[in-house]
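S.K.: Just dropping this structure here.
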Amino acid sequence: MAAKKSPPKRKETKKKAPAASRTPQAKKKPAAKRPVRRVATRVPGTAAVEKKNRELALLAAGVCDRFRAEEVCILDMRAVCNFTDYFVLATGASATQLRGVGHEVEKAMREQGQQLLAQDGREHGRWILLDYGDVVVHLFDASARDFYQLEALWSDAPQVRLPAAKTQKRKST
């Protein structure tokens with residue numbers, strides 16, 4: 001019988017490190033720590049500031065009602081979140097009406113010295129958002145309002161009472 005041959009042994013070679021690690025380098029400095037970004041905690045304002053914010057929300061709701069938006073309501077967000085004081089919600093019958101109402105709200109707020117911080121949705125016309133910091137205006141078409149249901153999402157936020165004409169859904173003629 002013939003003796004079993006074992007496979008030839010491979011010559012062990014030292015694997016080379018990647019080219020980047022072969023270059024001489026100075027001691028690496030530890031990466032600088034980035035400051036931790038903290039979410040601003042809302043500090044309650046003075047009574048005058050809080051009154052002004054409420055009046056701005058009522059102004060925006062009044063403009064929505066004047067331009068025939070439906071189901072206008074204001075949510076007092078101060079107790080449930082730290083990024084705004086009031087949400088103003090309104091429903092429009094068409095994208096054209098929503099854009100018109102949004103334009104008029106902007107005009108009224110600008111007259112009060114309020115700067116628009118952010119806006120979104122104007123090109124689509126289903127949900128227009130106007131952010132004034134302490135007051136955020138949401139203008140929806142009917143299907144978007146039913147889908148997102150912000151009143152249910154923020155059900156812990158009390159609603160601000162509006163005059164009767166502003167709280168009723170208009171009857172179409």
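What follows is calculated from the coordinates using simple rules that are stated; it is not laboratory data. Fair warning: this is a prediction, and the values are worked out from it, not measured in the lab. When we count neighbours, we look across all protein chains shown, and the Cβ atoms used for this are built from the backbone with ideal geometry, even at glycine.
S.K.: By counting other Cβ atoms within 10 Å of each Cβ, how are 86, 148 ranked from fewest to most?
M.R.: By the 10 Å Cβ count, ascending, the order reads 148, 86.
S.K.: Moving on to the next point. Using a 7 Å offset from the Cα along the Cα-to-Cβ direction at both residue 119 and residue 51, what is the distance between the two label points in nm, to one decimal?
M.R.: Output for this residue pair reads 3.1 nm.
S.K.: Sticking with this structure for a sec: Can you give the FRET efficiency to the nearest 0.05 for residue 104 and residue 147, using r as the Cβ-Cβ distance and R₀ = 25 Å? The partial results should precede the final answer.
M.R.: On the way: r = 25 Å, r/R0 = 0.99.
About 0.50, to the nearest 0.05.
S.K.: Could you please rank 106, 55, placing first whichever residue has the fewest other Cβ atoms within 10 Å of its Cβ? Please report the intermediate quantities before stating the final value.
M.R.: Numbers: 106 18, 55 12.
Taking fewest neighbouring Cβ atoms as first place, the list is 55, 106.
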